[in-house]
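This report concerns only the one structure given below.
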Amino acid sequence: MPSKIMLTILGAGIGTWLIRVVPFLLVKAARLPKWVLQFLSFVPVAILTAIFVEGMLVYRPGQWPTVNPQNLIAAVPTVVAAIISKSLLVTVVVSVVSMAAVRALGWG
Amino acid sequence: MDDALDFKAGLRDVLPTVFGYIGVGLAFGVVAHTSHIPTLMVGLMSLIVYGGSSQFIIASMFLAGAPVSAIVASAVLVNARMALMSMTVAPYLKQESLAQNIGIGSLLTDETFALSMNKLNLTGHRLKPAWFHAANITAYLVWALATVVGALLGGMIPDAKTFGLDFAVVGMFIGLLYLQMISDRSRPLLRHLLIAGFVAVEMVVLERFMPGNTAILLATVVGCVFGMVVERDAK
């Protein structure tokens, strides 16, 4: 009898695998209409923005979300670093240092 | 990042994202440890489920004693946005074999997806399996290792957040988003910014009614439709 956690892992594993792989099979089997390709061309900027903004907010069930002050403060030098350096590595390093500084200073 | 699409280039390109995987992976390991999930199971979860938000959901619902079916449904749902990413990448790999497609799809993550979108802008809109496998497999192994190390250290680190490593993942998305906006020349920067601004407002409004992960999915779909409308009117 597999443990509860093992069953959970297997179930979630199969589910997330299907979500990742089935779109590849669909695209391979069928020719996507032009409007679908146009729709998909907006996915990168849209989804990256959504993931970024989600990190700046704190979800409160039934109420308006609030801002995560530490994340918002640390994001400012990170955005500046991205614009100046145009380098992913520099941006990531600045983000970590900024957050460490924000916490060390007790801001937010 | 340049236009090279070999295995080595993949290793080089994925390097900056490794910090994010290490930071969040360690944090997850610590959380899983405190949720009474054995270290072996933490490793297996990272290898089999392989999704940051899904794994955090599993750990918290497991601790709360939720039934398996509810945990599985939630874990799959928070990862639903992967379908959009897979669908976006897949057309560039259509001419590759079925096995290559399944291999790349199985290990696709938010990060390697975003990397591949950045890469497209430098390679004349081409992607190669060797490059993708290098990025995917590195991410996969680093993630699994980081979560196991986090679980082992679990009891020793009182607060994994002290060093700011957990913020690396946000920093990475900021970098990837900015690079995507300036390097995707198929539309003007101002239009990228307009769509990003629209999605940002959407997120605030949607999170009034639903948790962040669901909001991400819905905001992206509506944001893409908004983009289509703007582009049609611009012509």
Only one residue in B:T39, B:T34 is over 15 Å from the mean Cα position of the chain (by Cα), under 19 Å from B:V142 (Cβ atoms) and assigned by TED's automatic domain parsing to the domain that holds B:M156, so which one is that? B:T39
State yes or no: is B:A146 touching a helix residue (DSSP H, G or I) at 6+ places or on another chain (Cβ under 7 Å), away from every other protein chain (no Cβ under 13 Å), open to solvent by less than 30 Å² (accessible area, probe 1.4 Å) and part of a helix (DSSP H, G or I)? yes
Those residues of segment B:172-207 which are surrounded by 15 or more Cβ atoms within 10 Å (Cβ to Cβ) and not in a helix (DSSP H, G or I), in sequence order: B:D184, B:R187, B:E207
For segment A:55-83, how many residues are at pLDDT 95 or above, within 7 Å of another protein chain (Cβ to nearest Cβ) and open to solvent by less than 60 Å² (accessible area, probe 1.4 Å)? 8
In segment B:100-116, how many residues are assigned to a helix (DSSP H, G or I), facing another protein chain (nearest Cβ under 9 Å) and open to solvent by 10 Å² or more (accessible area, probe 1.4 Å)? 3
Which ones in segment B:1-23 are in contact with a Leu (Cβ under 8 Å, 6 or more places away or on another chain) and of a type outside the set (G, A, S)? B:M1, B:D2, B:D3, B:L5, B:D13, B:V14, B:L15, B:P16, B:T17, B:F19, B:I22
What are the residue pairs meeting all of these: first residue in segment A:43-66, first residue free of Cβ contacts under 8 Å to residues at least 60 places away in the same chain, second residue among the charged types (D, E, K, R), Cβ atoms under 6 Å, and 6 or more apart or on different chains? A:L57/B:E207; A:Y59/B:E207; A:W64/B:R208; A:P65/B:E207
Does segment B:210-222 contain any residue that is of a type outside the set (S, T, N, Q), touching a residue at least 24 places away in the same chain (Cβ under 8 Å) and more than 24 Å from B:V24 (Cβ to Cβ)? yes
Within segment B:105-119, residues being touching a residue at least 60 places away in the same chain (Cβ under 8 Å) and of a type in the set (A, V, I, L, M) number 3
Somewhere in segment B:125-134, is a residue at pLDDT 95 or above, within 17 Å of the chain's Cα centre (by Cα), surrounded by 19 or more Cβ atoms within 10 Å (Cβ to Cβ) and within 12 Å of chain A (Cβ to nearest Cβ)? yes
Among residues of segment B:18-38, those that are of a type in the set (S, T, Y) and either without any contact (Cβ under 8 Å) to a residue 60 or more places away in the chain or over 14 Å from B:F167 (Cβ atoms) (or both), counted: 2
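The values are calculated or read from the model by the stated rules, or taken from the named source; none is laboratory data. In this text the structure is predicted, and so the values were computed from the model without any measurement. Note that we place each Cβ from the backbone using ideal geometry, even for glycine, and neighbour counts take in every protein chain shown. When the accessible area is computed, the model is the full protein with side chains, heavy atoms only, and any ligands, DNA or RNA have been set aside. Shrake-Rupley method; radii C 1.70, N 1.55, O 1.52, S 1.80 Å.
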